[in-house]
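The values are calculated or read from the model by the stated rules, or taken from the named source; none is laboratory data. Quick caveat, the model's predicted, so the values are computed rather than measured. All Cβ positions, glycine included, derive from the backbone under ideal geometry; neighbour counts span all protein chains shown. Remember, those area values only see protein heavy atoms, side chains included, never the ligands or the DNA or RNA. Shrake-Rupley method; radii C 1.70, N 1.55, O 1.52, S 1.80 Å.
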Amino acid sequence: MTINIILLGPPGAGKGTQARKLVEDRGLVQLSTGDMLRAARSSGTEMGKRVAEVMDRGQLVTDEIVIGLIREKLSEGGNGFIFDGFPRTLAQADALGQLLEETGMVLDAVVEMQVDDEALVRRITGRYTCGNCGEVYHDDTKPTKVAGVCDVCGSTDLRRRADDNEHSLKTRLLEYYKKTSPLIGYYYAKGKLAPVDGLADMDRVSDQIAAVLPLSREIATGT
Ligand code: AP5
């Protein structure tokens, strides 16, 4: 049996952090449209350059592009997916519904990660990631054990994102409230919404997510 979940929340809510944990603990496949778009921008293609400009301003990339990226990944198959940062508009949510139906997959839950704006600013402005393995860190809440060296893979390629500044973050938050937050009502009406307190510490957030995925726990423990 597969498990398919969406992690829904504003920038810095902890979607990527929790997705990585779910990959480790449950063997699900993380589909982060943000990561896919960052890969597209580093490819240096014309499309990549256009995507980079939009991302750096903090705006949303077109539905057409991100739906195309997700369609490609779903067709590769997998033992359950974590949709991280997708869908972000009602059109994307409708498209995902169709894609899941076409591929015979079911959406199990939409985890809404609730975090207030003040905490989001602190999280985003202190974040850095490993350019090699993607591990996510924070200056105050999760620094590397040895300064400048990734705990997981030992790489010294630690990076800050171009859109992780207060100016772009303001636009990213506005985009979230205007275009993405309507998905809360959309999935509530479908009986899929599971709100969690994203302000809690990382392990506590993971526990809350595990509690809304009882089936996945059974699979993981074989009970
Ligand atoms: P994307 O990469 O998806 O970024 P985002 O949604 O802005 O989310 P973030 O990655 O910034 O945050 P997160 O929630 O993953 O938090 P994290 O775990 O890192 O999108 C980037 C851009 O791509 C968009 O602006 C848009 O342009 C484009 N895009 C992407 N998808 C798109 C789509 N579907 N449609 C159109 N355009 C799209 O945590 C943040 C920090 O907080 C870390 O330092 C972490 O260590 C820390 N932290 C995490 N959890 C906790 C906790 N519980 N307590 C304390 N600290 C914590």
Please go through (1) without any contact (Cβ under 8 Å) to a residue 60 or more places away in the chain; (2) more than 10 Å from the ligand (Cβ to nearest atom); (3) under 16 Å from the mean Cα position of the chain (by Cα) for Asp164 and return the number of the only condition it doesn't satisfy.
(2)
Residue list for segment 125-145, filter: hydrophobic (A, V, I, L, M, F, W, C) and either at pLDDT below 95 or under 15 Å from Gln18 (Cβ atoms) (or both):
Cys133, Val136
Mind checking which residues of segment 131-157 are open to solvent by 50 Å² or more (accessible area, probe 1.4 Å) and not hydroxyl-bearing (Ser, Thr, Tyr)?
Asn132, Asp139, Asp140, Lys142, Pro143, Lys145, Val146, Ala147, Asp151, Val152, Cys153, Asp157
Looking at this structure, is Ser216 over 16 Å from the mean Cα position of the chain (by Cα), at pLDDT below 95, near the ligand (Cβ under 10 Å from one of its atoms) and buried (at least 16 other Cβ atoms within 10 Å of the Cβ)?
no
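So which of Thr129, Thr103 ends up being under 18 Å from Pro11 (Cβ atoms) and among the polar types (S, T, N, Q)? Steps first, please.
Details: Thr103 fails: under 18 Å from Pro11 (Cβ atoms).
Result: Thr129 is the single residue among Thr129, Thr103 that is under 18 Å from Pro11 (Cβ atoms) and among the polar types (S, T, N, Q).
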Of the residues that make up segment 167-180, is at least one open to solvent by less than 20 Å² (accessible area, probe 1.4 Å) and at pLDDT below 95?
yes
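Filter segment 125-149 down to the residues that are in contact with a strand residue (DSSP E or B) (Cβ under 7 Å, 6 or more places away or on another chain), more than 8 Å from the ligand (Cβ to nearest atom) and of a type outside the set (A, V, I, L, M, F, W, C) and list them by number. Break it down stepwise before answering.
Initially, segment 125-149 is screened for residues in contact with a strand residue (DSSP E or B) (Cβ under 7 Å, 6 or more places away or on another chain), giving 126-131, 135-138, 143-144, 148.
Now restrict to residues that are more than 8 Å from the ligand (Cβ to nearest atom): 130-131, 135, 143-144, 148.
Result: Gly131, Glu135, Pro143, Thr144, Gly148.
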Total residues in segment 167-192, condition within 17 Å of the chain's Cα centre (by Cα), under 11 Å from Ile124 (Cβ atoms) and of a type in the set (D, E, K, R):
1
